[in-house]
Amino acid sequence: MKFAILAFPGSNCEMDLYYAIQDIIKEDVELVSYKESSLTGFDAVLIPGGFSYGDYLRSGAIARFSPIVPALQKFAKSGKPVLGICNGFQILTEAGLLPGSLQKNVSAKFICKTEPLVVNNADSVFSSQFNAGQVIHLPIAHGDGNYYCDQETLRDLVANNQIVFRYQNNPNGSVANIAGITNRAGNVLGMMPHPERAVETVLGSSDGIGIFQSIVNNVANREVVAHG
Amino acid sequence: MTLVKVYVTYKRSILNPEAQAVHSALTRLGYNDINDVKLGKYFELTVADGKSKADLDQEINEICDKLLANYNMENYHYEIAETEAAQ
Amino acid sequence: MTLVKVYVTYKRSILNPEAQAVHSALTRLGYNDINDVKLGKYFELTVADGKSKADLDQEINEICDKLLANYNMENYHYEIAETEAAQ
Amino acid sequence: MDKVIEQTTEATPEQIRDQKLYQAMGLTDHEYRLIKDDVLHRLPNYTEVGLFSGMWSEHCSYKNSKPVLKKFFTKGKHVVKGPGEGAGIIDIGDNQGVVFKAESHNHPSAVEPFQGATTGVGGILRDIFSMGARPIASLDSLRFSEPQTDQDKYFISQIVAGISAYGNCIGVPTVGGDTAFDDAYEHNPLVNVMCVGLMDLDKIEVGAAAGVGNSIVYVGHKTGRDGINGASFASFQFDSEHESQRSAVQVGDPFEEKLVMEACLDVINNHAKALVGIQDMGAAGLVSSSAEMGSKAGGNGMVLDLDLVPQRETGMSAFELMLSESQERMLLCVKAGHEAEVLNVFADHGVDAVVIGHVTEGHQYQLRHHGKLVADVPVDSLASQAPVYHRESAVPEHLKNVDQRQFSPQITNPTETLKRLLAQLTIASKESIYETYDTQVQTNTVVAPGSDAAVVRVRHYDKALAITTDVNGRYLYLNPRIGGQMAVAEAARNIVASGGVPLGITDCLNFGNPEKPDQFYELDQAVIGMSEACEKFEAPVISGNVSLNNEYDNVPIYPTPMVGMVGLIKGLKHVTTQDFKQAGDLVYILGQTHDDFNGSQIQKMQTGKISGKLFDFDLDYEVHIQQLTTQAIQKELLNSAHDISEGGLIASIAESTFGNQLGVDLSSDLTVNQFFSETQSRFVVSVPKQKQAEFEALVGENATRLGKVVDDNHLFVQATDGYFDIDVDAARDIWKGALACRLK
Ligand SMILES: Nc1ncnc2c1ncn2[C@@H]1O[C@H](COP(=O)(O)OP(=O)(O)O)[C@@H](O)[C@H]1O
Ligand SMILES: [Mg+2]
């Protein structure tokens, strides 16, 4: 299968993702510039962390007007997996592909450390490698990771099992300890923690592999279904 | 030139950590009569002349909806000053 | 309660990357008639009643000088609304 | 010679001479006379005086420190580029070079902490990528007074926030640093930043502008009136009367820097044939970068048309354009005919780039503005021919008639004293600072802050870099030469404890006023001491930075030459951390312990100051102990290693228990007091039981077994005249909470 990694001006985790997919997951992967307008030929799209457009105004607010975004919206609509990590999550909410928004951490400071997460939904395209209730460890590194949505939206998220990861010790003030959510269809995931930073034990954790591997397995299954 | 002043503020239900930080700093500094602090953004847009009022209103609303404010969390309002105001 | 609206803006010679980013985003979006964007902070302070106008002025100026505005880089001005204004 | 036409709005050359206006720009009478009589043989105009004031400032010319810097040990078989370029380079094999340099931003940060810190980080990053290297790690070395007031706390939090904002945004991990608190830094905090880059050795770039007809290209942010003449400002001292000496604040824009960095690396890597030279615009902005590039090339001149310089503000004068320190700008020399190729690369990255001049025949540095020639000076007179001063040196009063005896701590309850020690801000965990830094972006950070040196692996190779910053100003205050040796030794000890072998150092020489003989003495002696140590460790100085005039109301800071050291770890399996790893491991102290208390944390804690003659230090013994440690690590005999520095043996033992919730049960023939001694040349190590014989055979008499690691989460240490007895959790809470609590 083939992953696309979108790169916006100011993205800074695109190469980390690239190496994670190429060296550890060992699948095809290509960087796709924000200037492009097509995502044909890709099976999954990853939106990396960083500070697109400096995160000026609001995180992700400016990036979502990039030429690639209409193609991303089309890709998401087609049901193929889209994973936005950190700034990628922020871009997805600003682009309206995920509900809610991410505001400043309650501490009003940037936080970088490894956090325990509970896998709340182990049936998603992104988490099928895990068991429900399993605790995994992933690094966070963000200033605006405090997930907010109104009560109604939260009820929907719960009812549709859209909350994939929750923090065990909420580090940033997110409602309902949310660390990662999908859209209603389940094929778009936004998460603040960085799985690509946790794919080698030498760097502290390899729990992130499960997320990428889940995508790979689900894409493979889809193909079997499609061709079978 | 027309000067448009846009105010973007958080919705009432949103706890804004930065405003809270300012509020508690003020309290620590001894300003105990400050009961509440809200913090928002203040834009001054200088717009070329030549648009009707209705067109300008439409443009500003569009700009706010699309970019300047996030409708999940923020409200906005604006004022149009006839001439370019001095700073 | 008295509502005080404080506007903090960058001094003329100070670079404001955030305002620049907003300006170029607007241009990219096709709003070519926006000639300039300034971006500052907008505070609403709710102050307990009971101070004279002069005392209130002094307090607000103090707060701005100490905390809300950075006198190396920013200017501020404020308005005092008599009653608590609705948002 | 072309006629030099004066600017009407500015002071005339005669006014400058008669009213000595050059003094306000930082030039002395002597320097003005040099310019007038020896260099130009006429009166310099306003713009020209400005050029000289910027270029002849200490910051750009090193006029006071050059003779001292000559004393540094700079050679080594792996040195590819030593001091002189943007940054130095060391060969680490596989056609790879490690590039590093440090920079001080003390004065800008004192005026405007957040922006002072951001622009410090931005500046050092440009030094690294202008060499053709990709920045892979940053470190920050901070010195503050003990925070008392809200103002102090705000100041510290703003510095940290500035470093965090810039580094996190641009995507370079801040992997380490050091932070110490002492009232010696009350009016003069130190903000030093170091950056490390990695490059292919066949892609080295130099900051030279050669070849008549080649173009000078301006890249990055537009020029505004920010930090006009900041270089000479940085070289001024502060005092209470001149506190308002403030030029327009420079604002850092990490987003722009990220674009500029990616674009420059693209040009360097993919358009090498088009590029002649590249340099960042740092102190003294456009004049410094262009004149240095011109002078370095040798044999040519340069003409710049200032009307072509991108400008953020209107009506800027030539003086302002040349001396502005607007950030995120670079200067390139591009081969004639290749301009479009290079400009296209920048356009593609969304970065402004324009041709503003070219290399000329002859040796003149000429500026045109509004169609007129506004400056015309020999290019070398600005750069390589700046004056050099050999300052007078005299032993400071405080080093005369010092008490020769060592301080003796008064300890009745060792555990209580340990608790107090762990809460001293200089000893306490710096987690509340470094958890606001992205320490992991680029996914190479093997050891993040919290151990000794940081460790960053070299992707796709079985090797890593160990990186640290260190210096204890207290030791230098008591003895600048020995203290200078110790600063380098401590840095090396951190590298070695992490599994590395020192490659080289960079430095920031933070000192007082060089025109005062007693303060110059400290600078001179410190450099001699550092150099002696560098030679012993075979760790040459490859780059550095000087920050003088760190004094307030005539009181200087402690002499504080920050040492930034990089070491090589050959094989990731040798990466070692300070945390004890498993119960049953044997705990040893490597190196001898003496009654060494003058200048120590315990002396400061118990008496409120430091005093007396600094204790002795033997560099050869230090090297010996470090080599033994390296051998033990390379033979895979150690499960942990932690150097002993501030706070002494007991602090190191306690810190080693914190990471993995393990305790220790130890006893020793040292006194309780000696557990707080700061004798150099020591490590706390833990050795798996089955390696005991091999380890003891290797180290012999040099190590003493203290006991073992236990899993009951309790620290117990028996000394000859008392014992330490505390729950590891309780000790760790004190140590972890102290700084966050004091900054609240
Ligand atoms: N300002 C800082 N920024 C980043 N890391 C820091 C800072 N200050 C201290 N640290 C980290 O905290 C740990 C302990 O620092 P320090 O006490 O200086 O160690 P040592 O005494 O062994 O040199 C190190 O990992 C160091 O990198
Ligand atoms: Mg150490």
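The values are calculated or read from the model by the stated rules, or taken from the named source; none is laboratory data. Quantities reported herein were computed from a predicted structural model and do not represent experimental measurements. Don't worry about glycine lacking a Cβ; one is built from the backbone with ideal geometry, like all the others, and counts go over all protein chains shown.
Tabulated data
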| item | result |
| --- | --- |
| Only one of D:V455, D:V446 that is within 13 Å of another protein chain (Cβ to nearest Cβ), closer than 22 Å to D:H642 by Cβ and within 16 Å of ligand 2 (Cβ to nearest atom) | D:V455 |
| Pick from segment A:135-150, criterion farther than 30 Å from B:V22 by Cβ and in contact with a helix residue (DSSP H, G or I) (Cβ under 9 Å, 6 or more places away or on another chain), ranking: farthest from the other protein chains (Cβ to nearest Cβ) | A:I136 |
| Scope segment C:44-59; condition within 7 Å of chain B (Cβ to nearest Cβ), of a type in the set (A, V, I, L, M) and not in a loop (DSSP other than H, G, I, E, B); matching residues | C:L45, C:V47 |
| Elements of type helices (runs of 4 or more DSSP H) in segment D:424-504, at least 1 residues being of a type outside the set (D, E) and near ligand 1 (Cβ under 8 Å from one of its atoms) | D:431-434, D:480-497 |
| Any pair with Cβ under 7 angstrom, 6 or more apart, that starts in segment D:692-715 at a residue that is assigned by TED's automatic domain parsing to the domain that holds D:E655 and ends at one that is assigned to a helix (DSSP H, G or I) and of a type in the set (D, E) | D:N713/D:D729 |
| Of all residues making up segment D:713-744, the number that are surrounded by fewer than 14 Cβ atoms within 10 Å (Cβ to Cβ) and modelled with pLDDT under 95 | 2 |
| Cβ pairs under 6 Å, 6+ apart, first in segment D:163-184 and within 8 Å of ligand 1 (Cβ to nearest atom), second assigned to a loop (DSSP other than H, G, I, E, B) | D:T174/D:Y437; D:V175/D:T439; D:T179/D:K430; D:A180/D:T426 |
| Residue within segment B:5-12 that is in contact with a helix residue (DSSP H, G or I) (Cβ under 9 Å, 6 or more places away or on another chain), among the aliphatic types (A, V, I, L, M), more than 9 Å from chain C (Cβ to nearest Cβ) and buried (at least 18 other Cβ atoms within 10 Å of the Cβ) present | yes |
| D:G529 being in a loop (DSSP other than H, G, I, E, B) and either within 16 Å of ligand 2 (Cβ to nearest atom) or within 27 Å of D:I92 (Cα to Cα) (or both) | no |
| Within segment B:60-77, considering residues that are at the interface with chain C (Cβ under 9 Å from one of its Cβ atoms) and buried (at least 20 other Cβ atoms within 10 Å of the Cβ), the one nearest to B:E18 (Cα to Cα) | B:L68 |
| Of the criteria (1) hydroxyl-bearing (S, T, Y); (2) in the same structural domain as D:E515 (by TED's automatic domain parsing); (3) crowded, with 19+ Cβ neighbours inside 10 Å, which one D:T443 fails | (2) |
| Yes/no for C:A69 being among the aliphatic types (A, V, I, L, M) and within 27 Å of D:Q311 (Cβ to Cβ) | yes |
| Strands (runs of 3 or more DSSP E) enclosed by segment A:9-94 - at least 3 residues per element that are more than 14 Å from chain D (Cβ to nearest Cβ), over 20 Å from A:A185 (Cβ atoms) and free of Cβ contacts under 8 Å to residues at least 60 places away in the same chain | A:28-33 |
| Residue in segment B:16-38 that is in a loop (DSSP other than H, G, I, E, B), more than 19 Å from the chain's Cα centre (by Cα) and more than 7 Å from chain C (Cβ to nearest Cβ) present | yes |
| Extreme residue, farthest from the other protein chains (Cβ to nearest Cβ), among residues of segment D:422-443 that are touching a helix residue (DSSP H, G or I) at 6+ places or on another chain (Cβ under 6 Å) and within 15 Å of D:A165 (Cβ to Cβ) | D:I433 |
| Qualifying positions in segment A:95-130 - away from chain B (no Cβ under 13 Å), touching a Ser or Thr at 6+ places or on another chain (Cβ under 8 Å) and touching a residue at least 24 places away in the same chain (Cβ under 8 Å) | A:C112, A:T114, A:V119, A:N121, A:S124, A:V125, A:F126, A:S127, A:S128, A:Q129, A:F130 |
| Within segment A:98-123, tally of residues that are buried (at least 17 other Cβ atoms within 10 Å of the Cβ), of a type outside the set (D, E) and closer than 20 Å to A:P48 by Cα | 13 |
| Residue in segment D:412-428 that is over 26 Å from D:A641 (Cβ atoms), buried (at least 23 other Cβ atoms within 10 Å of the Cβ), more than 16 Å from ligand 2 (Cβ to nearest atom) and of a type in the set (V, I, T) present | no |
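Yes/no per residue for (1) in contact (Cβ under 8 Å) with a residue 24 or more places away in the chain; (2) within 11 Å of ligand 1 (Cβ to nearest atom); (3) more than 19 Å from D:H714 (Cβ to Cβ); (4) within 14 Å of chain A (Cβ to nearest Cβ):
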residue	(1), (2), (3), (4)
D:H624	yes, no, yes, no
D:A632	yes, no, yes, no
D:S645	yes, yes, yes, no
D:I653	yes, no, no, no
D:T657	yes, no, no, no
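Results for (1) surrounded by 24 or more Cβ atoms within 10 Å (Cβ to Cβ); (2) closer than 30 Å to D:V456 by Cβ; (3) among the aliphatic types (A, V, I, L, M), shown as yes or no for each residue.
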residue: D:V191; (1), (2), (3): yes, yes, yes
residue: D:L198; (1), (2), (3): no, yes, yes
residue: D:I204; (1), (2), (3): no, yes, yes
residue: D:T223; (1), (2), (3): yes, no, no
